[in-house]
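Novice: Following this message is one structure expressed as structure tokens.
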Amino acid sequence: MIDEPEPGWEHVDRLARAMGIVCLQADCTMDEALVMMTERATVHHCTVEEVAFGVLEGIVRFGP
């Protein structure tokens, strides 16, 4: 029997999906995507999670 995921896993899933999108947009590695998202969060005084949400919603882009 599979246990229910622990609270917070949806956060990890969202972040990973956003990093994948950034990889495609910016033609970079997952590590580079996380760095870019972290830098964007710092510049805009928000959290990486907020940047990830913006990426998933198509509001934030990292490329042309």
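The values are calculated or read from the model by the stated rules, or taken from the named source; none is laboratory data. From a predicted model like this one, the values you see are computed outputs, not experimental measurements. Methodologically, a virtual Cβ is constructed for each residue, glycine included, from the backbone with ideal geometry; neighbour enumeration extends over all protein chains shown.
Novice: Does any residue in segment 18-31 that is at positive phi come within less than 9 Å, Cβ to Cβ, of a residue that is part of a loop (DSSP other than H, G, I, E, B) six or more places away or on a different chain, and which pairs are these?
Specialist: That search, which allows pairs on different chains as well, returns 27/63.
Novice: Go through segment 36-64 and report how many residues are assigned to a helix (DSSP H, G or I), surrounded by 13 or more Cβ atoms within 10 Å (Cβ to Cβ) and not basic (Lys, Arg).
Specialist: Of the residues in that region, 13 qualify.
Novice: Select from segment 6-35 the residues that are over 11 Å from the mean Cα position of the chain (by Cα) and of a type in the set (A, V, I, L, M) and write down the one among them that is surrounded by the most Cβ atoms within 10 Å (Cβ to Cβ).
Specialist: Ranking the candidates gives 26 first.
Novice: Using beta carbons and a limit of 7 Å, which pairs, at least six apart or on different chains, have the first residue in segment 39-64 and under 17 Å from residue 27 (Cα atoms) and the second one outside any loop (DSSP other than H, G, I, E, B) and polar (S, T, N, Q)?
Specialist: Here the result reads 61/25; 62/25; 63/25, each pair linking segment 39-64 to a residue that is outside any loop (DSSP other than H, G, I, E, B) and polar (S, T, N, Q).
Novice: A follow-up question, please. Within segment 11-35, track down each residue that is of a type in the set (Asp, Glu) and part of a loop (DSSP other than H, G, I, E, B).
Specialist: 27
Novice: Check segment 1-10 and report whether any residue there is of a type in the set (D, E, K, R), modelled with pLDDT under 95 and part of a helix (DSSP H, G or I).
Specialist: The answer is yes; a qualifying residue exists.
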